[in-house]
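This report refers to the structure that appears directly beneath it.
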Amino acid sequence: MKQTKKYLALLLALAMLLSLAGCHTERPAATKPASDTTEPATAAAETKPDETQAQPDAAETASPDAAYQAGVYEGIANGMGGELHLFATFDSEGLTQIEIGEHAETPLLSDLALSRIPADIVAFQSLDVDTVSGSTITSNAVLSAVSDTIAQAGGDVGAWKSAPVPAVQAQADETVKVDVLVIGGGLSGMSAAFETASAGLNTLLIEKLEAWGGSSARSGGAVCYATEEGDDAGYFSADDFYQWFRVMGHEQINDALVRRIADESGETVRWMRDTIGYNPPYEMTETFIDGTVARLTNPGSPTEYISGCGGGMMQIFYNTLSQTEHLSMMNRTTATELITDESGAVAGALATRADGSILTIEANAVVLATGGWAGSETYMEQWAPGMKKAYNMAGVGCDGDGIALAESVGADITFDTPAFAGGVYAPIAATPANFLLVDGDGNRFTAEDQRACFIMADMMRNSSGVFYAVFDESQAEGLAPEGSAAIRADSIEELAGQIGAEPAALQATVDRYNELAGKEDADFGKAAELMTGIGEGPYYAVNIMTYILTAYAGPNITKDCQVLSKDGSVIPGLYGIGELIATNIYGYDDGGHGATLQYCMSTGRFAAEHIIASMR
C-alpha cells in the first residue's frame with residue numbers, strides 16, 4: 001500500500017513508547033557448559049570466537065587478496081542507533097585489527113556484534129562469518145563498514161564475502177545437573193536466576209539468542225512503582241497501582257498476582273537499585289488513561305521516555321549476574337523439550353546447542369521466561385489471523401516457544417483475551433469515530449467508537465487482515481486532509497474496486513449502516529450520535545494500518561508464578577514469568593508506562609522466592 005511508507009516512521013516511534021519484557025529464542029550456537037555439574041561456573045559461559053568456529057592454522061589465515069595498501073581505514077555504516085564508525089588496520093597481506101569507534105548502538109544487545117564479529121573477521125580473513133542473533137542490524141552494520149575498509153585498502157570485497165570459514169566443531173552430548181533451570185535471558189529470567197543463585201541454589205540460565213537482554217534491552221528502561229506517603233516526588237499508592245491494572249485489564253486479570261505486584265512494587269525497585277545496582281537518575285510522574293497520576297523511575301529524562309535506555313539497564317543486570325556465584329549462563333542454547341518424572345512433575349529440559357549437540361539439563365525447578373509469541377506463524381494463524389499483515393515490531397525471538405513447552409506438559413493457556421501491545425494508525429486516529437470501518441471484503445465488523453484494544457481484538461480475529469475507514473465528502477476535511485493517503489471515488493462501486501472488495505458487499509454494508517443512522521446500533525453497539533451514516537459522494541477510504549509491539553497469551557499461573565494445568569492444579573516444578581504470562585496481568589489491554597519492566601522483575605522474584613522456600 002502507498003500509505004505504508006508514510007506511516008512507517010510514526011510506527012517506529014510508537015514502538016518505543018512501551019517498556020517490553022524479556023524474550024528468548026532463535027538460532028543456537030556452540031557454548032561450553034560448566035564442567036562441574038553440581039556447582040555451575042561463577043561467570044557467564046557465553047560463546048567466544050574460538051568456541052564458535054575452529055581456529056585456522058597459519059596457512060588458512062591467508063587473506064583473500066594479498067595486494068593491500070597498508071594503513072588504517074575508517075568504515076561507516078548505519079546501525080540500529082545511527083552511524084557506526086570503525087577503524088580497520090591492514091598490512092600488505094591482509095586485515096590485522098578492527099577497532100569500533102563512535103556509535104549509538106543499544107548496550108548489551110550490540111556487545112557481541114561489536115566484539116565477536118570483528119574478531120571473527122580478522123581471525124578467518126572472511127566476511128562470511130555468523131551474525132549475532134538478536135542483534136542483526138548491528139551485525140550487518142559492522143560487516144558493511146568492514147567491507148568499505150577492504151575496498152579502500154584495495155581488496156576484493158567479493159572474495160572476502162566468499163572466503164571459507166572453518167566449520168563448527170561439535171561437542172559431545174552432555175548431561176548436567178542443577179537445582180534451577182531458567183529458560184530465557186531477558187529481564188524476568190535474569191531476575192529469577194540472580195535470586196535463586198544468590199540463595200545458594202545452583203542455577204543455569206540459558207538463552208536461545210546470542211545477544212542477552214531480550215526485549216527489555218530495547219525498552220525505555222523506566223519502571224513504575226508505588227511510593228510511600230510523604231514521598232517528596234509524589235505519592236502513588238499500591239492501591240492506585242492495583243486499580244490501574246484492573247482498569248487496563250478490564251478486570252480480566254489474575255487478581256491475586258496483580259495485587260501482589262502492586263503491593264511489592266516499591267520493594268522491587270529498592271532491590272533493583274540497591275542489590276542489582278540499576279539506579280535511574282530521574283523520577284517522573286505520568287497521568288495514565290484512567291486519570292491516575294503514577295510514579296516512575298526513569299533513566300533518560302525527568303519528563304519523557306528515551307528509547308533504548310533499557311539496554312543500559314540490562315547491561316547492569318548482566319554484569320551483576322556474571323559475577324554471581326552458583327550461576328552459569330549459556331547463550332545460543334535452545335530448550336526444545338521439558339523433562340517430566342513419573343509423577344508428572346517437571347524435572348528439567350533438553351536443549352540444543354549451535355553445533356547440534358544435545359544438552360540434557362536435570363533440574364528440580366524449571367522457570368520459563370521466554371517472552372511473547374508475535375513471531376510465531378503457527379500461533380498467529382490460530383489466534384490472530386487478522387494480524388498476519390500487520391507491521392510487526394516485536395522483539396527478535398518472541399516466537400511462542402515457551403507457550404509450546406508449557407502446552408506440552410498440560411498447561412492451561414489463555415489466548416482469548418487479546419493479545420497485542422500495538423494498535424492502529426491512520427489520519428483518522430485522533431478524530432471522532434463517525435466513520436464506517438470495514439474489512440478487506442467490504443464488511444463491517446466492529447463498533448468504531450471502542451477503545452483501540454477492543455478494535456484490535458476484533459481485527460485480530462478477522463481473517464481479511466485489511467481494514468479501511470469509509471466516509472463521505474462531508475467528513476473529508478477532518479478525516480482526509482489535503483496530502484493524505486485517502487482513496488477517493490465517485491461511487492461506492494468504484495471505491496470497492498479500489499480497495500479490493502466486492503462492490504455488492506460494500507454497497508450492502510453502506511446501506512445497512514445508513515439504515516441505522518441516528519439510531520441505536522443494533523449490530524455492534526456504537527453510540528447513536530456517531531451513527532451519522534454515509535451521505536452523497538465523492539467517497540473516501542483510508543487504510544487502517546495495524547502494528548504489533550508484542551503479543552500476549554500464555555500459561556495461567558498462581559501468585560507465586562507456578563504454572564497451572566487445565567484442571568486448575570499446579571504443575572510441580574514449572575514456573576512462568578515475564579511477558580510469557582502477561583495475560584494474567586493485562587487482560588484486554590497493554591499497560592506499558594514502566595509497568596511491564598516492573599512485572600518482569602516482580603514475577604521473576606516471586607518465582608525465585610517460591611523455589612527457594614520449597615528447596616529448604
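The values are calculated or read from the model by the stated rules, or taken from the named source; none is laboratory data. In this text the structure is predicted, and so the values were computed from the model without any measurement. As a convention, Cβ positions derive from the backbone with ideal geometry for all residues, glycine included, and neighbour counts pool all protein chains shown. Note: areas computed on protein heavy atoms with side chains; ligands, DNA, RNA excluded. Shrake-Rupley method; radii C 1.70, N 1.55, O 1.52, S 1.80 Å.
May I ask you to say which residue of Val132, Val165, Val178 is farther than 30 Å from Gly573 by Cβ and crowded, with 24+ Cβ neighbours inside 10 Å? Answer to the check: Val132.
Just to verify a result, which residue in the range 368-411, among those that are touching a strand residue (DSSP E or B) at 6+ places or on another chain (Cβ under 8 Å) and of a type in the set (Asp, Glu), is most open to solvent (accessible area, probe 1.4 Å)? Restricting to residues being touching a strand residue (DSSP E or B) at 6+ places or on another chain (Cβ under 8 Å) and of a type in the set (Asp, Glu), the top hit is Glu407. Take the conditions of a type outside the set (Gly, Ala, Ser), part of a helix (DSSP H, G or I) and at pLDDT 95 or above and apply them to Ile361. Does it pass? So Ile361 fails the test.
Restricting Gly537, Gly518 to residues that are of a type outside the set (Val, Ile, Thr), surrounded by 15 or more Cβ atoms within 10 Å (Cβ to Cβ) and at pLDDT 85 or above narrows the list to Gly537. Looking only at residues in the range 276-295 that are out of contact with any Ser or Thr (no Cβ under 8 Å at 6 or more places or on another chain) and either aliphatic (A, V, I, L, M) or in contact (Cβ under 8 Å) with a residue 24 or more places away in the chain (or both), which one is nearest to Asp240 (Cα to Cα)? The qualifying residue nearest to Asp240 (Cα to Cα) is Thr292. If Glu267 satisfies all but one of (1) closer than 17 Å to Leu187 by Cα; (2) assigned to a helix (DSSP H, G or I); (3) touching a residue at least 60 places away in the same chain (Cβ under 8 Å), what's the number of the condition it fails? Condition (3) is where Glu267 drops out.
Taken over the range 468-500, the criterion of being open to solvent by 10 Å² or more (accessible area, probe 1.4 Å), among the small types (Gly, Ala, Ser) and at pLDDT 90 or above is satisfied by Ser491, Gly497, Gly500.
Are any of the residues in the range 549-557 modelled with pLDDT under 95 and part of a helix (DSSP H, G or I)? Scanning the range 549-557, I find no residue that is modelled with pLDDT under 95 and part of a helix (DSSP H, G or I), so the answer is no. Scanning for something in contact (Cβ under 8 Å) with a residue 24 or more places away in the chain, open to solvent by 10 Å² or more (accessible area, probe 1.4 Å) and over 21 Å from Asp263 (Cβ atoms), does the range 593-609 turn up at least one residue? Among the residues of the range 593-609, not one is in contact (Cβ under 8 Å) with a residue 24 or more places away in the chain, open to solvent by 10 Å² or more (accessible area, probe 1.4 Å) and over 21 Å from Asp263 (Cβ atoms), which makes the answer no. Taking the listed residues Ala238, Ala256, Ala192, Ala222, the one that is in contact with a Gly (Cβ under 8 Å, 6 or more places away or on another chain), closer than 15 Å to Ser602 by Cα and open to solvent by 10 Å² or more (accessible area, probe 1.4 Å) is Ala238, with no other qualifying.
Looking only at the range 364-391, residues that are part of a loop (DSSP other than H, G, I, E, B), over 22 Å from Ile585 (Cα atoms) and of a type in the set (Gly, Ala, Ser) come to 1 in all. Contact annotation: residue pairs with Cβ atoms under 7 Å, 6 or more positions apart or on different chains, pairing a residue in the range 101-118 that is more than 15 Å from Asp130 (Cα to Cα) with a partner that is aromatic (Phe, Trp, Tyr) and assigned to a loop (DSSP other than H, G, I, E, B), are Leu108/Trp212. So in the range 301-314, with the set limited to residues that are within 20 Å of the chain's Cα centre (by Cα) and open to solvent by less than 40 Å² (accessible area, probe 1.4 Å), which one is nearest to Gln171 (Cα to Cα)? Only one residue tops the list, namely Met314.
Being open to solvent by 10 Å² or more (accessible area, probe 1.4 Å) and more than 10 Å from Tyr73 (Cβ to Cβ) is the filter here, so list the residues in the range 139-153 that pass it. Answer for the range 139-153, where residues must be open to solvent by 10 Å² or more (accessible area, probe 1.4 Å) and more than 10 Å from Tyr73 (Cβ to Cβ): Asn140, Leu143, Ser144, Ser147. Among the criteria (1) under 24 Å from Ala374 (Cβ atoms); (2) open to solvent by 20 Å² or more (accessible area, probe 1.4 Å), the one Met248 does not fulfil is (2). When the range 367-409 is filtered for residues that are touching a Leu at 6+ places or on another chain (Cβ under 7 Å) and at positive phi, the ones remaining, listed by number, are Gly371, Gly397.
Return the total of residues in the range 509-525 being in contact (Cβ under 8 Å) with a residue 12 or more places away in the chain and outside any loop (DSSP other than H, G, I, E, B). Total satisfying the criteria: 5. Residue count for the range 131-169 under the criterion of being of a type in the set (D, E, K, R) and either within 21 Å of Glu83 (Cα to Cα) or in contact with a helix residue (DSSP H, G or I) (Cβ under 7 Å, 6 or more places away or on another chain) (or both): the result is 1. What residue, among those in the range 321-354 that are touching a residue at least 40 places away in the same chain (Cβ under 8 Å) and surrounded by fewer than 17 Cβ atoms within 10 Å (Cβ to Cβ), is nearest to Leu597 (Cα to Cα)? Per the stated criteria, the residue is Ser322. Note on the range 214-259: residues that are in contact with a Cys (Cβ under 9 Å, 6 or more places away or on another chain), at pLDDT 85 or above and in a loop (DSSP other than H, G, I, E, B) total 5. Scanning the range 74-116 for residues that are assigned to a strand (DSSP E or B) and surrounded by 19 or more Cβ atoms within 10 Å (Cβ to Cβ) yields a total of 10.
Can Thr175 be described as touching a strand residue (DSSP E or B) at 6+ places or on another chain (Cβ under 7 Å) and part of a strand (DSSP E or B)? The answer is yes for Thr175. Does any residue of the range 547-555 turn out to be of a type in the set (S, T, N, Q) and open to solvent by 10 Å² or more (accessible area, probe 1.4 Å)? Among the residues of the range 547-555, not one is of a type in the set (S, T, N, Q) and open to solvent by 10 Å² or more (accessible area, probe 1.4 Å), which makes the answer no.
Of Ala170, Ala159, Ala141, Ala192, which residue is closer than 20 Å to Thr320 by Cβ and not in a strand (DSSP E or B)? Only one candidate passes the filter, namely Ala192.
Pick from the range 195-210 the residues that are of a type outside the set (Ser, Thr, Tyr) and outside any loop (DSSP other than H, G, I, E, B): which of them is surrounded by the fewest Cβ atoms within 10 Å (Cβ to Cβ)? The residue in question is Glu195.
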